[in-house]
Amino acid sequence: MQQEVHPKELVLLGTSFRTAPASVREVLSLSTSEARTLLTTPGAATPDAEAVVLSTCNRSELYLAVRETSAAAGWLEQIGRLRGEAAVREVGFPHYQLEGADVARHLFRVACGLDSAVLGEMQILGQVRRAMVLSADCGKLGQHLRRLFKLAVQAGARAREKTTISRGAASTGSALVTVLEERLSANSDAGVPRILLIGAGDTATDVMRHLAKRSLGAVAIANRTDVRAQKLANEFGVSALKWSSLWDGVAESDMVVAATACSEPILTRERLEAIVKRRAERPLLVVDLGLPRNVEPSPLLEVIDVDALRERRNDTLAARENAVPTVERIVLDHLLQWEQWLGFQPFERSLKALYLMAGRLSQDTSDELLALGRGSPDEVRNIVLKSMKRLLHEHIRALRDIAPRGSLMERPHAGMGEGST
């Protein structure tokens with residue numbers, strides 16, 4: 001028998017590029033291991049609370065399905081303990097909170113790429129999937145959030161299949177490569193540029209994909225795990241640089257793109273400034289795609305960050321903008337599916353309770369028949385009928401309360417005897 005579905009409320013706590021700058025978002029960003037810790041640490045909320053953490057370079061969001069919306073306060077306290085309460089207080093924790101259907105609509109828009117820094121971004125759909133899987137692995141994906149996130153993934157896939165919302169080159173990687181192309185065209189006499197890509201995750205892979213498409217220069221990849229750097233380098237036919245030689249690679253490069261999930265800067269101000277001073281005749285362009293930031297800022301160094309890339313617009317966004325009304329209708333369609341599923345849950349709870357009671361009453365009925373020994377057909381029928389009346393009485397009343405007025409549920413129920421319900 002399936003576990004009973006209890007009524008729950010949706011709550012979303014989040015911060016994103018729309019509400020906070022990168023310096024604030026990096027404090028609130030959660031790595032996979034930190035998200036796992038948050039989801040598995042007891043005491044944040046009631047044991048049956050459902051939770052999914054969606055944390056990317058542009059957003060950190062916690063989706064909850066809880067009995068009472070006030071339970072969200074416990075999760076806020078837990079985030080404060082996890083990230084350091086002093087740091088959270090310092091940035092004022094500028095978050096937004098949504099409830100009910102607003103949560104579902106927001107998630108569907110996120111999955112469809114409508115709430116991305118670059119409209120129609122492809123990576124977010126995979127990130128939504130992975131957030132759902134992590135929650136399931138941690139035992140926090142209950143029936144409500146499982147249904148919600150499955151609908152979100154379906155909406156995102158449908159939007160990309162049926163519209164131009166993600167067509168063309170408008171991801172973080174493509175926006176970055178556009179910037180690099182502009183710089184190269186302005187300095188076309190400098191020869192083949194040497195580009196160092198630091199990182200081997202999703203963002204770095206996206207950047208490498210666009211670098212390879214446009215053949216912008218000689219690329220080397222470095223990653224804290226040398227094996228991952230070599231694997232990505234082999235995939236795109238470029239060279240890999242051992243982590244122990246990272247600073248040599250920085251000194252020899254014209255452009256450095258840092259895209260790691262490190263919790264602290266990997267390119268420090270002191271060493272970067274030393275390199276810049278030694279090569280004053282040859283400028284160094286650094287792009288920081290990390291959150292938290294991978295590069296310590298310096299007045300001697302030009303650093304392009306994720307917020308600077310977000311501000312760029314290119315021609316490919318025109319087709320995506322044209323697709324927005326259709327994608328919004330896809331969001332609405334899936335929101336209606338969510339509300340229909342949610343509206344059916346009172347029936348589902350009653351039906352499941354009915355099955356549970358049927359199991360108990362069948363045992364009671366068996367005991368009565370066994371105690372009776374030999375009985376007439378009428379006596380056996382009366383025992384069974386009595387059990388069925390006991391089984392159905394409260395549930396028929398509940399279903400009548402739920403059903404729309406004028407429905408069949410409000411009419412006298414025939415076949416069980418007068419006054420049986």
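FYI, it's all coordinate maths here, none of it is from the lab. The structure presented is a predicted model; accordingly, all values stated were derived computationally and were not measured. Here the Cβ positions follow ideal geometry from the backbone for every residue, glycine too, while neighbour counts run over all protein chains shown.
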Residues whose placed amide H lies under 5 Å from that of R59, excluding near-sequence neighbours:
none
Just to check I understand the Karplus step: with θ = phi - 60° and J = 6.51 cos²θ - 1.76 cosθ + 1.60, what whole-Hz values come out for segment 243-253, glycine and proline as x?
4, 5, 9, 4, 5, 5, x, 4, 5, 8, 9
Suppose R0 equals 60 Å; then what is the FRET efficiency for C262 and E394 from their Cβ-Cβ distance, rounded to the nearest 0.05?
0.55
Computed from the beta carbon distance with a Förster radius of 25 Å, FRET efficiency for K162 and D137 to the nearest 0.05 stands at 0.20
Obtain the nm distance between the two label points defined at R36 and S298 by a simple spin-label model: each point lies 7 Å from its Cα along the Cα-to-C-beta direction.
3.5
Once amide hydrogens are built 1.01 Å from N within the peptide plane, the residues lying 5 or more places from A240 or on another chain with amide H under 5 Å from its amide H are I221
Candidate lysines for bridging to K231, where Cα separation is under 27 Å - those fewer than 8 sequence places away on the same chain excluded
K213, K242
For segment 172-310, what is the charge dipole size about the Cα centre, in debye to the nearest 20, if Lys and Arg each add +1 at the Cβ and Asp and Glu each add -1 at the Cβ?
280
Principal axis dimensions, largest first and in whole angstrom, of segment 172-310 by Cα
34, 33, 29
Set of lysines with alpha-carbon distance to K389 below 28 Å, sequence-local pairs under 8 removed
K352
Using the Karplus curve 6.51 cos²θ - 1.76 cosθ + 1.60 with θ = phi - 60°, what ³J(HN,Hα) values do you get for each residue of segment 296-302, in whole Hz, with x for Gly and Pro?
6, x, 8, x, 8, 10, 8
Residues whose placed amide H lies under 5 Å from that of I198, excluding near-sequence neighbours:
A222, V257, A258, A259
Using 5 Å bins from zero, what percent of all Cα-Cα pairs in segment 125-238 falls into each bin?
2, 10, 16, 15, 14, 14, 12, 8, 4, 2, 1, 0, 0
Below 12 angstrom from the Cβ of T225, what's the summed charge of the other residues (Lys, Arg +1; Asp, Glu -1)?
+3
Measuring from a point 7 Å past the Cα of R278 along Cα-to-C-beta, which residues in segment 208-247 have an amide N at less than 13 Å?
246-247
Phi-derived 3J(HN,Hα) across segment 329-334 with the Karplus relation (6.51, -1.76, 1.60, θ = phi - 60°), rounded Hz, x for Gly and Pro, is 5, 5, 4, 4, 4, 6
